[in-house]
1. Kindly indicate which of 45, 63 is in a helix (DSSP H, G or I), touching a residue at least 60 places away in the same chain (Cβ under 8 Å) and in contact with a Phe, Trp or Tyr (Cβ under 8 Å, 6 or more places away or on another chain).
2. Which of the residues belonging to region 199-216 are open to solvent by 80 Å² or more (accessible area, probe 1.4 Å), under 14 Å from residue 174 (Cβ atoms) and not in a helix (DSSP H, G or I)?
3. Which numbered condition trips up residue 49, out of (1) of a type outside the set (D, E, K, R); (2) open to solvent by 20 Å² or more (accessible area, probe 1.4 Å); (3) under 16 Å from residue 70 (Cα atoms)?
4. Using the structure shown, decide if residue 373 is open to solvent by 70 Å² or more (accessible area, probe 1.4 Å), acidic (Asp, Glu) and closer than 20 Å to residue 5 by Cα.
5. Quick one: how many residues across region 66-102 are outside any loop (DSSP other than H, G, I, E, B) and open to solvent by less than 40 Å² (accessible area, probe 1.4 Å)?
6. Please count how many residues of region 251-296 are touching a helix residue (DSSP H, G or I) at 6+ places or on another chain (Cβ under 9 Å), closer than 19 Å to residue 312 by Cβ and surrounded by fewer than 14 Cβ atoms within 10 Å (Cβ to Cβ).
7. From the list 313, 323, pick out the single residue that is in contact with a strand residue (DSSP E or B) (Cβ under 6 Å, 6 or more places away or on another chain) and at pLDDT 95 or above.
8. Mind listing just one residue for me: the one in region 140-177 that is of a type in the set (D, E, K, R) and in contact (Cβ under 8 Å) with a residue 24 or more places away in the chain and, of those, farthest from residue 119 (Cα to Cα)?
Amino acid sequence: MHALTGLKVVDAATLFAGPTAAMLLADFGADVIKVEHPEKGDPARGHGQAKDGVGLWWKVLSRNKRAAAVNLSTQDGQEVMRALLADADVLIENFRPGTLERWNLSPEALLELNPRLVIARVTGFGQFGPMAGEPGFGTLAEAMSGFAAMTGEPDGPPTLPPLALADGIAALAGAYAIMVALRARERTGTGQVLDLAIIEPILTVLGPQITAYKALGTVPPRTGNRSTNNSPRNVYRTRDGRWLAVSTSAQSIAERVVRLVGRPELVDEPWFASGRARAEHADELDAAVGGWIAERDAGDVIAAFSEAQAAIAPVYDVSDVVADPQYRALGTVKELPDPELGTVAMQNVLFRMSDTPGEIRWAGTRLGSHTDDVLAEAGLDADRIAALRDRGVIA
C-alpha cells in the first residue's frame, strides 16, 4: 500500500503548476481523477515534443492519473463535478477567480456539499488584489519575482529560464500545502480553501533578497555563473572541451581547491577567510582555478578534485543524465510500458521512502479514457452516462 492510498483527488487544473502538484500526490498512491474539457482537453497535451502525435510532456504530467472528460461550463457537467466531489478529499483548480462561482461550484457551495474537502486554488496572482483577474503564467512569475533580473551575464539582459521553473516550484508548494491542510483536517474534521499564487513560492527559493533589500537597500546584480556569496564558483572549460562546475560554499572546500590548483598562498590572504570577501576577488580566483582546469582533460580534473575531496561536477545535457552511473544507481530514470508508445521513459518519483515508496504505475493516458469508470464510481448509471455522452457533456 502506498502512503496516500485512499486519498481521492480531483485535478481540474490545466497546464503545469496545479497538474504537477496532483502528479506528486498520485506518485504516492492518491487516486487522482484528471477532469478535462471533452473537446479541448488540457492545453498541456499539446506542449513540447511529440512522438506519433502523442505529447511526451503529457506522459509525465498526467502519469498515475485517471482521465475523465467533462464539460464543466454546462449544468449537466456541473452536476457531474458535484458527484465527483461529494466524497473527494481534494480539488485542485486553476481557473480565473470567479469562474467556479459562475459555474455554481463556489468553494462555499462545495464545502457545504462536502465539509471535508480541501480546495486548492492555483492562479498566477492569487484570488484578490489588483492583478487577480489577469491571465498569469510561470514566465510572469519568473519576471516579477526578481529571478530574471538576477539571472544572466552582468552586461547582458535579464534571462528567463528555458523551463516551467515557477510552475514547478509552485507545484511543490501546492502539494505541501495540500498535505498541511489534510493534516489539519485530522484535527478539525473539516477542509479548507488554499490560495496559491504562482508569483509567491519562487520568492522563497530566491533566498534573502527581500530581507537584504529592506535592511540594506541592496538589489542582487546579475553575476552570470558566479555567486555573490562565495568564490571560486563557476563553470570552467577543460582541455578536451568539457565544462565542469565548481562550488566552494564551505570554507574548507575553498581551501582544498586553491591548494589543488597550486595557489596555497591564497589561503593566507585576509579576504580568503569569508565567502563574501572571496566573491569580491572572483577574477583572481577564477583565473587560478580556470587556468589549472584548462590545462587538463575532464577525467583527470574530476579525479584530482575527488582525491582532494573538493566539490566538482560535469555540466550534463540530458543524454549524460540518462547514462550517468549515479542516476542509474538511484533509479532516477524510469522506463515503463505504454499502450500508445510501447515504452516511455521519465524521471522517477521525487524521493525514496523505506516503508511506503512512491511508484509510477502508468503514464498519461488518452483524453477521457477513464470517464465511464470514474462516473460509475460517482453513482451515475450506464443510461445517464450514455445520455451525457450523446449531449457532448462527457467524452
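The values are calculated or read from the model by the stated rules, or taken from the named source; none is laboratory data. Quantities reported herein were computed from a predicted structural model and do not represent experimental measurements. Positions of Cβ are generated from backbone atoms using ideal geometry, with glycine treated the same way; all protein chains shown enter the neighbour counts. Areas reflect the complete protein model, heavy atoms only, side chains present, ligands, DNA and RNA absent. Shrake-Rupley method; radii C 1.70, N 1.55, O 1.52, S 1.80 Å.
1. 45
2. 200 - this is the single residue of region 199-216 that is open to solvent by 80 Å² or more (accessible area, probe 1.4 Å), under 14 Å from residue 174 (Cβ atoms) and not in a helix (DSSP H, G or I).
3. (3)
4. In short, yes.
5. Total satisfying the criteria: 19.
6. Looking only at that region, the number is 2.
7. Exactly one residue qualifies, and that residue is 313.
8. Only one residue tops the list, namely 153.
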